[in-house]
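Structure first, then comments.
Please treat every number below as a calculation from the coordinates, not as lab data. Remember, predicted model here, so these are calculated numbers, not experimental data. So basically every Cβ, Gly included, is an ideal-geometry build from the backbone, and we count neighbours across all protein chains shown.
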Amino acid sequence: MKTRISVTSALIAGFIGTIAMTAFTYMAPLMGFKMDIPAMLAHTMHAPIIVGWLAHFMVGETLAIGYVLYINILNQDANAKTGALYGVLPWLLAQLVVMPMMMVMNGMSYSAGLFSGSLMVAMASLVGHLIYGAFVGVIYKPELQTAEAVS
């Protein structure tokens with residue numbers, strides 16, 4: 001039976017995946033550092049914390065749609081494995097582009113933001129993205145097409 005993309009399921013998966021990743025980041029102080037993504041986004045945008053939270057969840061939703069496109073292009077099933085593997089892509093983008101760009105926006109050098117400026121923070125970020133992707137992969141369910149809908 002063929003499947004069709006479910007935007008609703010992707011958005012639900014993205015929302016829950018973002019919550020799971022955020023919960024993980026709140027354990028960062030136990031590892032000796034702080035990872036407050038909404039606060040970091042709000043600070044960079046010179047905006048209230050609610051704007052940082054909204055941006056954080058908007059990114060999570062956008063990445064979930066990206067995951068659905070990713071598995072459809074590669075003709076893969078949605079599961080924890082494909083989700084976690086997908087999580088590596090936004091992590092690399094964050095480490096090589098987004099974090100350095102945020103450092104530049106805050107008056108620092110591009111290189112100060114590469115791999116979050118710290119190997120330990122970058123690895124924790126990787127774990128967060130793997131968690132996000134695994135949750136999205138497990139939660140996302142495509143719509144099944146019936147034989148009548150296909151013809």
Worksheet item: Looking at the chain, do any whole DSSP H helices span at least 15 angstrom along their long axis by alpha carbon and average -1.0 or above on Kyte-Doolittle, and which?
Response: 7-25, 49-73, 80-93, 119-139
Fill in: Mean Cβ neighbour count within 10 Å, used as a protection proxy, ranking 19-26, 83-90 highest first
83-90, 19-26
Worksheet, complete the sentence: Cβ density ranking, 10 Å radius, fewest first, applied to 115, 57 yields 57, 115
Fill in: For the range 89-136 and the range 19-86, distance of Cα centres in Å
11 Å
Item to complete: Taking the Cα centre of the chain as origin, work out the dipole magnitude from +1 charges on Lys and Arg Cβ and -1 charges on Asp and Glu Cβ, in debye rounded to 20.
Response: 120 debye
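If the chain between residue 3 and residue 69 were fully stretched, how many nm would it gain, using 0.36 nm times the residue separation less the Cα-Cα distance? Walk me through the intermediate numbers first.
Numbers: separation 66, 0.36 × 66 = 23.76 nm, distance 1.28 nm.
Here the answer is 22.5 nm.
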Worksheet entry | Ranked by how many other beta carbons lie within 10 Å on average, peptides 121-128, 103-110, 75-82 from highest | 121-128, 75-82, 103-110
Worksheet item: Just the C-alpha atoms of the range 74-151: what Rg/Rh do they give, with Rh taken as the Kirkwood radius?
Response: 1.23
Worksheet entry | the chain: calculated mean residue ellipticity at 222 nm from DSSP helix runs of at least 4, using -39500 (n - 2.57) | -22000 deg cm²/dmol
